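Participant: Quick one: structure below, then a few questions.
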RNA sequence: GGCGACGUAGCCAAGUGGUUAAGGCGGGGGUCUGCAAAACCCUUAUUCAGCGGUUCGAAUCCGCUCGUCGCCUCCA
């Protein structure tokens, strides 16, 4: 298996250090609802984890929650609620979102506020070794003490300072030095430390948590490309300086960013579509297909059109997974092995999900073809579901079958122009009664009346399909 | 200003030196169907932003031009 490593800028053979793959992905700062840019990142790493497991690896997956930072404090103050309450609310919202998108949960979700002792331990260690210094109640990392600083983002300290963006902090020795610990301001939540009351800086929690839960070296560390600098660069500096062990991370993986229109979708720009909004309009499978149909390292632009295309694609896969063959011949006619191999081969090449999806669509066509010819495709359908499952696609059947009814008396067509049915309007009972009524008209070859009912159902957003087994229907999204 | 990515059919999007340029959506024609729907079959890029170069051979490598985007500040 080959994986593209941001650190080397190349695809590398994937060789985890132990039996268990140690995987860490940067999580959310819960001060607002997540948008589909976040969904993109978490879906991609969910697929990577599922695929590793499929390939037989044990995976230990840790994802942090930054439940204390400037934005949480600001927003909480605006709303006049405690920061903890705000964070709690959006952590719950986050879990609803990932569950809704069929994203598997990480094994551990450590929270910054729950890891303060470990954070203090790491900071103290860095001070002791001369990599950090306290100043004015805060503690800063001394970037000049790390000769490797800039190796992930491929830039030099000189080039960073060249842009006179060196902001603030007269107390810092070097403009690029960054905070490990922030001195408490009045009214902010704070913790006691050897340097006075304060709270953790942004980058230090990830170092502390990954060291604590996964050890000195991780196999995979993931996140969006916007985290490469400064966040991940700083994590490397902190972790490698603290442990003296290199590398901190064997494979750095970064996903491309979701664009909305001409710009990156982001909370600060406010140009976003939340996961909840997306899930109201589209199925989880459609959202996943949309995201996985482009390579994870490429940027992707959100559009309604693309999501709708993905929705139809999801329908197509689902249809193929559950369609019934007409024939008696049970002999398997699809070469499932070639599809399994093709799927694995493209996923082995830096998780080429667009190619993996292409394989699934080809397999779906083969299944339909077999069914059309009355040949067996049961095994192929199982394989389709299995491979789709690696991409986190559920392919849940949405069609419901209504069996045909016989005509019991001619009177049933006595007052044919009035569509009447029992059950609460819009309920399943109501819909299925209408379908049975239409069925009777069809058997009596009263096409116009039958079509009238179908038109009424279509108006209600119900799609009908007449099959040899009966009429199936579903609510269109 | 520095670093990086990208520009492939109506739309989305793979492919990165050599047989017919994946796949999805959409469009057109057909089969099936009472009609539909779904499905299946055929079809939809002689060509990969433009211009040069390297090569027996390039969408794929190199240079330049144009255009778009990301990072360098909080961000998945």
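For (1) in contact with a strand residue (DSSP E or B) (Cβ under 7 Å, 6 or more places away or on another chain); (2) in a strand (DSSP E or B); (3) under 23 Å from residue A:393 (Cα atoms); (4) more than 16 Å from RNA strand B (Cβ to nearest atom), each residue gets a yes or a no:
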position: A:16; (1), (2), (3), (4): yes, no, no, yes
position: A:27; (1), (2), (3), (4): yes, no, yes, no
position: A:32; (1), (2), (3), (4): no, no, no, no
position: A:39; (1), (2), (3), (4): no, no, yes, no
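Participant: Now a separate question. Considering only residues that are in contact (Cβ under 8 Å) with a residue 24 or more places away in the chain and exposed (fewer than 15 other Cβ atoms within 10 Å of the Cβ), which ones fall in the stretch A:444-459?
Facilitator: Answer for the stretch A:444-459, where residues must be in contact (Cβ under 8 Å) with a residue 24 or more places away in the chain and exposed (fewer than 15 other Cβ atoms within 10 Å of the Cβ): just A:456.
Participant: Follow-up. With the requirement that a residue be within 9 Å of RNA strand B (Cβ to nearest atom) and either closer than 18 Å to residue A:318 by Cα or surrounded by 23 or more Cβ atoms within 10 Å (Cβ to Cβ) (or both), what does the stretch A:355-367 give you?
Facilitator: Correct list: A:356, A:357, A:358, A:359, A:360, A:361, A:362, A:364, A:365, A:366, A:367.
Participant: Within the stretch A:268-302, which residues are within 15 Å of residue A:36 (Cα to Cα), more than 6 Å from RNA strand B (Cβ to nearest atom) and not in a helix (DSSP H, G or I)?
Facilitator: Passing the criteria: A:269, A:270, A:271, A:272, A:273, A:274, A:282, A:283, A:296, A:302.
Participant: Has the stretch A:326-337 got at least one residue that is assigned to a helix (DSSP H, G or I) and not assigned by TED's automatic domain parsing to the domain that holds residue A:264?
Facilitator: yes
Participant: From the set of residues in the stretch A:252-266 that are near RNA strand B (Cβ under 6 Å from one of its atoms) and in a loop (DSSP other than H, G, I, E, B), which is farthest from the chain's Cα centre (by Cα)?
Facilitator: Here the residue is A:262.
Participant: Is it true that residue A:223 is within 15 Å of RNA strand B (Cβ to nearest atom), modelled with pLDDT of 95 or more and under 18 Å from residue A:21 (Cβ atoms)?
Facilitator: Yes; evaluated as a whole, the condition is true for this residue.
Participant: If you scan the stretch A:8-25, which residues turn out to be under 29 Å from residue A:155 (Cβ atoms) and surrounded by 21 or more Cβ atoms within 10 Å (Cβ to Cβ)?
Facilitator: A:22, A:23, A:24, A:25
Participant: May I ask you to say which residue of A:384, A:317 is more than 17 Å from residue A:295 (Cα to Cα) and either more than 10 Å from RNA strand B (Cβ to nearest atom) or surrounded by fewer than 19 Cβ atoms within 10 Å (Cβ to Cβ) (or both)?
Facilitator: A:384
Participant: Please give the number of the condition residue A:426 fails out of (1) surrounded by fewer than 13 Cβ atoms within 10 Å (Cβ to Cβ); (2) at pLDDT 90 or above.
Facilitator: Of the numbered conditions (1) surrounded by fewer than 13 Cβ atoms within 10 Å (Cβ to Cβ); (2) at pLDDT 90 or above, the odd one out for residue A:426 is (2).
Each row is one residue, and each column tells you yes or no for (1) within 16 Å of RNA strand B (Cβ to nearest atom); (2) at pLDDT below 85; (3) in a loop (DSSP other than H, G, I, E, B); (4) more than 20 Å from residue A:472 (Cβ to Cβ).
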site: A:416; (1), (2), (3), (4): yes, yes, yes, yes
site: A:420; (1), (2), (3), (4): no, yes, yes, yes
site: A:441; (1), (2), (3), (4): yes, no, no, no
site: A:445; (1), (2), (3), (4): yes, no, yes, yes
site: A:457; (1), (2), (3), (4): yes, no, no, no
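Participant: Also, quick follow-up: Taking the stretch A:122-150 only, how many residues are surrounded by 15 or more Cβ atoms within 10 Å (Cβ to Cβ) and either over 24 Å from residue A:65 (Cα atoms) or in contact with a helix residue (DSSP H, G or I) (Cβ under 8 Å, 6 or more places away or on another chain) (or both)?
Facilitator: 19
Participant: When you check residue A:286 against the structure, is it surrounded by fewer than 20 Cβ atoms within 10 Å (Cβ to Cβ), within 30 Å of residue A:468 (Cα to Cα) and not assigned by TED's automatic domain parsing to the domain that holds residue A:356, yes or no?
Facilitator: No, not satisfied.
Participant: Also, I was wondering about something else. Among (1) within 16 Å of RNA strand B (Cβ to nearest atom); (2) surrounded by fewer than 18 Cβ atoms within 10 Å (Cβ to Cβ); (3) not in a helix (DSSP H, G or I), there is one condition residue A:91 misses while meeting the rest; what is its number?
Facilitator: Result: residue A:91 fails condition (3) only.
Participant: Mind listing whichever residues of the stretch A:234-251 are assigned to a helix (DSSP H, G or I) and within 26 Å of residue A:1 (Cβ to Cβ)?
Facilitator: A:235, A:236, A:239, A:240
Participant: I'd like to check something: does the stretch A:206-218 contain any residue that is part of a loop (DSSP other than H, G, I, E, B) and farther than 30 Å from residue A:14 by Cβ?
Facilitator: no
Here's the yes/no breakdown for (1) at pLDDT 95 or above; (2) touching a helix residue (DSSP H, G or I) at 6+ places or on another chain (Cβ under 6 Å); (3) under 24 Å from residue A:278 (Cβ atoms):
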| position | (1), (2), (3) |
| --- | --- |
| A:21 | yes, yes, no |
| A:24 | yes, yes, no |
| A:32 | no, no, yes |
| A:43 | yes, yes, yes |
| A:97 | yes, yes, yes |
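Participant: Let me ask something else about it. With respect to the numbered conditions (1) within 16 Å of RNA strand B (Cβ to nearest atom); (2) touching a helix residue (DSSP H, G or I) at 6+ places or on another chain (Cβ under 9 Å), which one is the sole condition not fulfilled by residue A:216?
Facilitator: Checking residue A:216 against (1) within 16 Å of RNA strand B (Cβ to nearest atom); (2) touching a helix residue (DSSP H, G or I) at 6+ places or on another chain (Cβ under 9 Å), the one that fails is (1).
Participant: Same structure again: Return only the number of the condition from (1) under 16 Å from the mean Cα position of the chain (by Cα); (2) over 16 Å from residue A:62 (Cα atoms); (3) touching a residue at least 40 places away in the same chain (Cβ under 8 Å) that residue A:137 does not satisfy.
Facilitator: (1)
The values are calculated or read from the model by the stated rules, or taken from the named source; none is laboratory data. The model shown is predicted, which means the values in this text are computed figures rather than measured ones. Quick reminder, even Gly has a Cβ in these numbers, built from the backbone with ideal geometry, and neighbours come from all protein chains shown.
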